[in-house]
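First up is the structure itself, then whatever we jot down about it.
The values are calculated or read from the model by the stated rules, or taken from the named source; none is laboratory data. This structure is a prediction, so every number in the text was calculated from the model and none was measured. Here the Cβ positions follow ideal geometry from the backbone for every residue, glycine too, while neighbour counts run over all protein chains shown. All accessible areas refer to the heavy atoms of the entire protein, side chains included, with ligands and DNA or RNA removed. Shrake-Rupley method; radii C 1.70, N 1.55, O 1.52, S 1.80 Å.
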Amino acid sequence: MKRKKTRQVRIGDRIIGGGSPIRIQSMTNTKTEDVASTVAQIRELEAAGCEIIRCAVPHMEAARALGEIKKQINIPLVADIHFDYRLAIAAMENGADKIRINPGNIGSRERVKAVVDTARERQIPIRVGVNSGSLEKELVEKYHGVTAEGLVESALAQVGRIEDMGYENLVISIKSSDVLMCARAHELIAERTDHPLHVGITEAGTLYSGNIKSAVGLGIILYQGIGDTIRVSLTGSPLEEIKSARRILKTLGLRKGGVEVVSCPTCGRTQIDLIGLAGQVETLVQDIPLDIKVAVMGCVVNGPGEAREADIGIAGGKGVGLLFRKGEIIKKVPEEELLSCLREELLRWQS
């Protein structure tokens, strides 16, 4: 796909926009002022593939904690600010690599300018975020409800406020929990700005529904070449957000690396615990740095043939199973040895 051309913005040692790889973000759910817990979670997220991390800064204690957190992590740190402009300034003074604000709830022009002046002095990018839940009353009335057009007008107006202050080191996010509205809003704003876009479906929901909404919404947006950094918002562990984001990007061909597991749906021919086995295989391969496809099939009759495009795979039968490579059977083993047989084959691929 052809990516939309956007400006480059540096966040710490990472660059977004300008054709750079689409960066994966998440947000901690610890109390930011609890430095030990926050650092531990960030390190875990980093190991899973998180490239930019955001922390909530609801009060001054959290803002001051950013400095100590930053010393102990290896990825850029973003401060999430609402309402109090002094927290945005303090966050930057304590080492935030980027801040997220909604200028509309920061207050007067003077307060927004104080934030912008500090950002300019330190060359810290500002993410201007607008959500459907906080759309200005006049825009809701103008468009007879919350609409994609209203979201875009709001975001560009907020960006314009900062640009009028002479600062353009900006990232834009326009999010909605309505998937189609969110997709349409991104299509519209991509035509009207070259600022990099932070993409996500806000308040997507639980692990089940949130993943479906995020995959559909991000898939629509990213497939059009729109988006420079993403967050999958889930009501659950931030680790699940990273796993989902990586899978979405890989499915769209925007990332390589990591084992892809494919498995057949169960049917009347299945004579093994295919659901359990597929889950075990997915757990087995999640930390293996191979760019290959592994198949888990429930039928020794059709399995290898149906999974011919997989690099390696296993297929179960009654009491026995097959190990195959590119559709060719290379070994027959007892059913209980299928998983260990696959593990040994993966080790050979790594060596």
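Note on the chain: with a GNM built from Cα contacts shorter than 10 Å, the maximum mean-square fluctuation among Val152, Val57, Val294 falls on Val294. When the Gaussian network model of the chain links Cα atoms closer than 10 Å, the mean-square fluctuations of Ala47, Ala215, Ala183 top out at Ala47.
Length gain on complete extension for the stretch Met1 to Ile275, per 0.36 nm per residue less the alpha carbon to alpha carbon distance? Mind showing how you got there, number by number?
Working: separation 274, 0.36 × 274 = 98.64 nm, distance 3.41 nm.
In short, 95.2 nm is gained.
Its residue count N sets the reference 2.2 N^0.38 Å, and the alpha-carbon radius of gyration of the range 245-351 equals 1.02 times that reference. When the surface is traced with a 1.4 Å probe over the full set of protein chains, His186 keeps roughly 0 Å² accessible.
Its relative contact order, with pairs defined as Cα atoms under 8 Å and 6+ residues apart, puts the range 9-59 at 39 percent. Taking Leu290, Leu239, Leu197 as the candidate residues, the one with maximal mean-square fluctuation in a Gaussian network model of the chain, Cα springs under 10 Å, is Leu290. Modelled spin labels at Gln350 and Gln72, positioned 7 Å past Cα toward Cβ, are 2.9 nm from each other. Based on C-alpha pairs under 8 angstrom that are at least 6 apart in sequence, the range 264-351 has a relative contact order of 22 percent. Ordered by solvent-accessible area of protein heavy atoms (1.4 Å probe), largest first, the residues Val112, Val35 come out as Val35, Val112.
Excluding Ala62 itself, what net charge comes from residues whose Cβ is under 9 Å from its Cβ, given Lys and Arg +1 and Asp and Glu -1? Before the final figure, lay out the partial values.
Numbers: positive: Lys31, Arg64; negative: Glu33, Glu61.
Overall, the nearby charge balance is 0.
Its convex hull of Cα atoms gives the chain a direction-averaged projected area, equal to a quarter of the hull surface, of 19.4 nm².
At 1.4 Å probe size, put Asp80, Asp291 in order of accessible surface, largest to smallest. Mind showing how you got there, number by number?
Values: Asp80 15, Asp291 90 Å².
Largest accessible area first, the list is Asp291, Asp80.
Taking amide hydrogens as placed 1.01 Å from N in the peptide plane, the amide H of Arg54 sits under 5 Å from those of Ser26, Met27, Thr28, Val78, each at least 5 positions away in sequence or on another chain.
If each residue of separation counts as 0.36 nm, what is the full-extension length gain between Val262 and Glu121 once their alpha-carbon separation is subtracted?
Numbers: separation 141, 0.36 × 141 = 50.76 nm, distance 5.04 nm.
Contour length minus Cα-Cα distance gives 45.7 nm.
Quick check: net charge around Arg184, other residues with Cβ under 12 Å of its Cβ, Lys/Arg +1 and Asp/Glu -1? That sum, taken over residues with Cβ under 12 Å, equals -4. The distance between label points at Gln8 and Glu44 comes to 3.5 nm (points 7 Å beyond Cα on the Cα→Cβ vector).
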